[in-house]
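Values in this text are rule-based calculations from the coordinates and carry no lab data. Bear in mind that the values here come from a model prediction, so they are computed numbers and not experimental data. FYI the Cβ positions are ideal-geometry reconstructions off the backbone, even for glycines, and counts take in every protein chain you see.
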Protein chains: 2
Amino acid sequence: MIEPEVIQEHVDKLSAEMRRGLIVLVVMSQLETEEYGYSLLKKLEEKGYDITQDTLYPLMRRLETQGYLNSDWKVDEPRPRRYYQLNELGEAVLEALRKEWKEQFKVIEEITK
Amino acid sequence: MIEPEVIQEHVDKLSAEMRRGLIVLVVMSQLETEEYGYSLLKKLEEKGYDITQDTLYPLMRRLETQGYLNSDWKVDEPRPRRYYQLNELGEAVLEALRKEWKEQFKVIEEITK
DNA sequence: CTATAATACTGTATATTATACAGTATTGTC
DNA sequence: GACAATACTGTATAATATACAGTATTATAG
């Protein structure tokens, strides 16, 4: 018999790895309307999706670098915030990605069940 | 308007990234019975899951190193093959991982739809 | 008022790992 | 006798989530 805590440790590690790949879809799908890092962080936590600053901020920077997001530094608010939103390319890519993953999820579900 | 080929290129790249994380679950779920690399490769292709040698072989080696698989080099066959199969830890982890991802998939589906 | 928690970032380093690349050898099959 | 398919091993590399360090402001509770 293997200790449940030991199993859980392994599951946590592999689970994180699995979540990793899907983060892009999760985050992009939230940025059809503008969000800043912290607001998105809280929003995702609320919805049961665990993610840390250390993951989210660099990801948003990366998605901007890769050309999917535009950002807008707003200072006319209680405190300065960088708002991100999908641009035209981002929108188009998200739409196609969703479509593709409806299929992929089916395949994976079938394989892993 | 953005060229469809351009969008597809981006989708392919992000899609590969998404698939990446799930590979572990996909592969482990096939190794409740023993398989060798090439047989698993063909099996997954058949089921609509694209994966290359370059991904699969190193992954199986890694899962063995991490203690989830045992391997067995069989030479009494038309040609020598290394068979892999989940060991006790692997079975336990897979079971827990499946359970956890039933939940996770629900969350992600809800968030990304 | 003043400590503390929550908010809201930026910048750089590191560890992990899928993928790529190179190579080897055997077994069909045309 | 050539070529495709089978079936690996070993090492290199590029991408990127996560970690770590640092900064500064605004609520809030005592």
**Prompt:** Within region A:83-110, can you find the residues that are over 19 Å from B:V26 (Cβ atoms) and either more than 16 Å from DNA strand D (Cβ to nearest atom) or assigned to a loop (DSSP other than H, G, I, E, B) (or both)?
**Reply:** A:Y83, A:Q85, A:L86, A:N87, A:E88, A:E91, A:A92, A:E95, A:A96, A:R98, A:K99
**Message:** Against the definition (touching a Ser or Thr at 6+ places or on another chain (Cβ under 7 Å) and at the interface with chain A (Cβ under 9 Å from one of its Cβ atoms)), how does B:V6 come out, yes or no?
**Reply:** no
**Prompt:** Of B:R19, B:R98, which residue is surrounded by fewer than 16 Cβ atoms within 10 Å (Cβ to Cβ) and of a type in the set (K, R)?
**Reply:** B:R98
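Residue-wise test of (1) surrounded by 12 or more Cβ atoms within 10 Å (Cβ to Cβ); (2) in contact with a helix residue (DSSP H, G or I) (Cβ under 9 Å, 6 or more places away or on another chain).
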site: A:Q66; (1), (2): yes, yes
site: A:N70; (1), (2): yes, yes
site: A:P80; (1), (2): no, no
site: A:Y84; (1), (2): yes, yes
site: A:L94; (1), (2): yes, yes
site: A:E103; (1), (2): no, no
site: A:K113; (1), (2): no, yes
**Message:** So A:M1 ticks every box in (1) without any contact (Cβ under 8 Å) to a residue 12 or more places away in the chain; (2) under 23 Å from B:E110 (Cβ atoms); (3) not in a helix (DSSP H, G or I) but one. Which box is left unticked?
**Reply:** (2)
**Message:** Considering only residues that are more than 13 Å from chain B (Cβ to nearest Cβ) and either over 17 Å from B:Q104 (Cβ atoms) or charged (D, E, K, R) (or both), which ones fall in region A:42-60?
**Reply:** A:K42, A:Q53, A:D54, A:L56, A:Y57, A:P58, A:M60
**Request:** Six or more apart or on different chains, Cβ under 7 Å: which pairs go from a residue in region A:20-44 that's under 16 Å from B:V11 (Cβ atoms) to one that's among the basic types (K, R) and part of a helix (DSSP H, G or I)? Could you list them?
**Result:** A:G21/B:R19; A:G21/B:R20
**Given (1) away from every other protein chain (no Cβ under 11 Å); (2) surrounded by fewer than 16 Cβ atoms within 10 Å (Cβ to Cβ), number of the condition A:E109 does not satisfy** = (1)
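What are the residues in region B:42-80 that are under 27 Å from A:E100 (Cα atoms) and touching a strand residue (DSSP E or B) at 6+ places or on another chain (Cβ under 9 Å), if any?
Passing the criteria: B:K43, B:M60.
In region B:80-95, is there at least one residue being within 12 Å of DNA strand C (Cβ to nearest atom) and either within 15 Å of the chain's Cα centre (by Cα) or more than 9 Å from chain A (Cβ to nearest Cβ) (or both)?
Residues of region B:80-95 that are within 12 Å of DNA strand C (Cβ to nearest atom), as a first pass: B:80-81.
Those still in the list that are either within 15 Å of the chain's Cα centre (by Cα) or more than 9 Å from chain A (Cβ to nearest Cβ) (or both) too: B:80-81.
Scanning region B:80-95 turns up at least one residue that is within 12 Å of DNA strand C (Cβ to nearest atom) and either within 15 Å of the chain's Cα centre (by Cα) or more than 9 Å from chain A (Cβ to nearest Cβ) (or both).
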**Request:** Assess whether B:E9 counts as being in a helix (DSSP H, G or I), within 28 Å of A:D12 (Cβ to Cβ) and of a type outside the set (S, T, N, Q).
**Result:** no
**Residue in region B:27-62 that is surrounded by the most Cβ atoms within 10 Å (Cβ to Cβ), counting only those that are of a type in the set (A, V, I, L, M) and within 11 Å of DNA strand C (Cβ to nearest atom)** = B:V27
**Fill in**
Within region B:58-82, the residues that are closer than 18 Å to B:L22 by Cβ and in a helix (DSSP H, G or I) are B:P58, B:L59, B:M60, B:R62, B:L63
